[in-house]
Amino acid sequence: MTTDFEKTPGWLDWYADPSRPRFRLPEGAVDAHCHVFGPGAAFPYAPERKYTPCDASKDQLFALRDHLGFTRNVIVQATCHGADNRALADALRASKGMARGVATVRPDVSDEELRELHEAGVRGVRFNFVKRLVDAAPRQDLLDVVERIAPLGWHVVVYFEAPDLPDLCDFFLSIPVPLVVDHMGRPDVTKDPDGPEFEAFLNFLRARPDIWCKVTCPERLTVDGPPALDGEREAYRDVVPFARRVVEEFPDRVLWGTDWPHPNLTDHMPDDGLLVDFVPHIAPTPELRHKLLVDNPTRLYWPDAD
Ligand SMILES: O=C(O)c1cc(C(=O)O)oc(=O)c1
């Protein structure tokens, strides 16, 4: 398939031949954070995007799901598609109920579009505050979106970086639907996991019982690795104390996902099989792993599943 899109210079493509994880995922495990990109020829990237990725189709995502041993996916609208959720909705429909989605919508979204997204499997919207990814949306627009999605029972996924939390915290706490934090609020892992910055993040999670946290993206947060490559099963050791603190204090509201196809990595592209082998380091007991990988995401995204 040809596409008119040229990738951002230096773009790292997803890892083509991932190993099989040594850690066997429990039955019913959910990859609770992943994306589809295009393909651009079928689902064009948004004009306002800040990067142009390689294609990463729904079929390639479902093949990875099966290879790694996941049962289900939560597909998160990537910023390169803006508020055009067609690629996401197409993937959700094709999954036959095995994927749920998190969309991006503007306040003027129609009732019909919201209904269609819900019917396709969308259960949340994403608010992004990472400046290299999006231009800031006015907070009132975001609150208007919340008003629109609250009746559907959806939640809000927030992506921000640790230094911005003090400014955002009160706004987040004013949002009257459950919140899900992407990538652990992006801590600086060179700092002390018991220090004031991470403590401020933990205090935010403590502020309400309906704030969930994805303990994802060690490959983004790490500073000195080692990377999940070449058989490395003790990858990203510098991230472990942070993720483990969150898993142990909030065992019933943590989620994990691969973040495939890993947009905007510049240092290395992880082997997704080895990335799965990271999970036992942050969730050291079978009980914690079952909550993280099965019970929690199923409760949030498939509350009616038995
Ligand atoms: O850190 C990132 O670059 C990133 C980007 C996106 C996106 O473009 O949607 O999603 C993520 O989960 C992470």
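Below is a table of values for the structure above.
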{"quantity": "Exclusive hit being more than 22 Å from Glu287 (Cα to Cα) and either at pLDDT below 95 or crowded, with 19+ Cβ neighbours inside 10 Å (or both), set Trp260, Trp256", "calculated": "Trp260"}
{"quantity": "Residue count for region 111-139, restricted to those that are out of contact with any Lys or Arg (no Cβ under 8 Å at 6 or more places or on another chain), closer than 17 Å to Asn73 by Cβ and away from the ligand (no atom under 15 Å from the Cβ)", "calculated": "1"}
{"quantity": "Which listed residue is within 14 Å of Phe37 (Cα to Cα) and of a type in the set (A, V, I, L, M, F, W, C), from Ala91, Ala120", "calculated": "Ala91"}
{"quantity": "Members of region 219-272 that are closer than 30 Å to Pro209 by Cβ, assigned to a loop (DSSP other than H, G, I, E, B) and more than 16 Å from the ligand (Cβ to nearest atom)", "calculated": "Asp238, Phe250, Pro251, Asp252, Arg253"}
{"quantity": "Pair list, Cβ under 7 Å, 6 or more apart: region 117-129 residue closer than 17 Å to Tyr159 by Cβ, other residue of a type in the set (Asp, Glu)", "calculated": "Phe129/Asp164"}
{"quantity": "Residue within region 210-233 that is closer than 19 Å to Val279 by Cβ, at pLDDT below 95 and not hydroxyl-bearing (Ser, Thr, Tyr) present", "calculated": "yes"}
{"quantity": "Residue check, Pro166 at pLDDT 95 or above, away from the ligand (no atom under 16 Å from the Cβ) and out of contact with any Gly (no Cβ under 7 Å at 6 or more places or on another chain)", "calculated": "yes"}
{"quantity": "Residue among Gly97, Gly185, Gly101 that alone is under 24 Å from Tyr45 (Cβ atoms), open to solvent by less than 50 Å² (accessible area, probe 1.4 Å) and free of Cβ contacts under 8 Å to residues at least 60 places away in the same chain", "calculated": "Gly101"}
{"quantity": "Filtered residues of region 136-173 (kept if without any contact (Cβ under 8 Å) to a residue 60 or more places away in the chain and not in a helix (DSSP H, G or I))", "calculated": "Ala136, Ala137, Pro138, Gly153, Trp154, Val156, Val158, Tyr159, Phe160, Glu161"}
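Yes/no per residue for (1) touching a helix residue (DSSP H, G or I) at 6+ places or on another chain (Cβ under 8 Å); (2) open to solvent by less than 20 Å² (accessible area, probe 1.4 Å):
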{"residue": "Asp144", "(1), (2)": "no, no"}
{"residue": "Leu152", "(1), (2)": "yes, no"}
{"residue": "Val156", "(1), (2)": "yes, yes"}
{"residue": "Tyr159", "(1), (2)": "yes, yes"}
{"residue": "Cys169", "(1), (2)": "yes, no"}
{"residue": "Ile175", "(1), (2)": "yes, yes"}
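Table: residues versus (1) farther than 17 Å from Phe160 by Cα; (2) of a type in the set (A, V, I, L, M); (3) buried (at least 16 other Cβ atoms within 10 Å of the Cβ).
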| site | (1), (2), (3) |
| --- | --- |
| Asp194 | yes, no, no |
| Pro218 | no, no, yes |
| Leu221 | no, yes, yes |
| Val247 | yes, yes, yes |
| Thr266 | yes, no, no |
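Rundown of residues vs (1) in a helix (DSSP H, G or I); (2) open to solvent by 10 Å² or more (accessible area, probe 1.4 Å), yes/no style:
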| position | (1), (2) |
| --- | --- |
| Pro44 | no, yes |
| Ala63 | yes, yes |
| His67 | yes, yes |
| Asn73 | no, no |
| Glu112 | yes, yes |
| Val134 | no, yes |
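The values are calculated or read from the model by the stated rules, or taken from the named source; none is laboratory data. On a predicted model such as this, the values are computed, not experimentally measured, just so you know. Heads up, the Cβs are rebuilt from the backbone with ideal geometry, glycines too, and the neighbour counts pull from every protein chain shown. Only protein heavy atoms, including side chains, enter the accessible area calculation; ligands, DNA and RNA are left aside. Shrake-Rupley method; radii C 1.70, N 1.55, O 1.52, S 1.80 Å.
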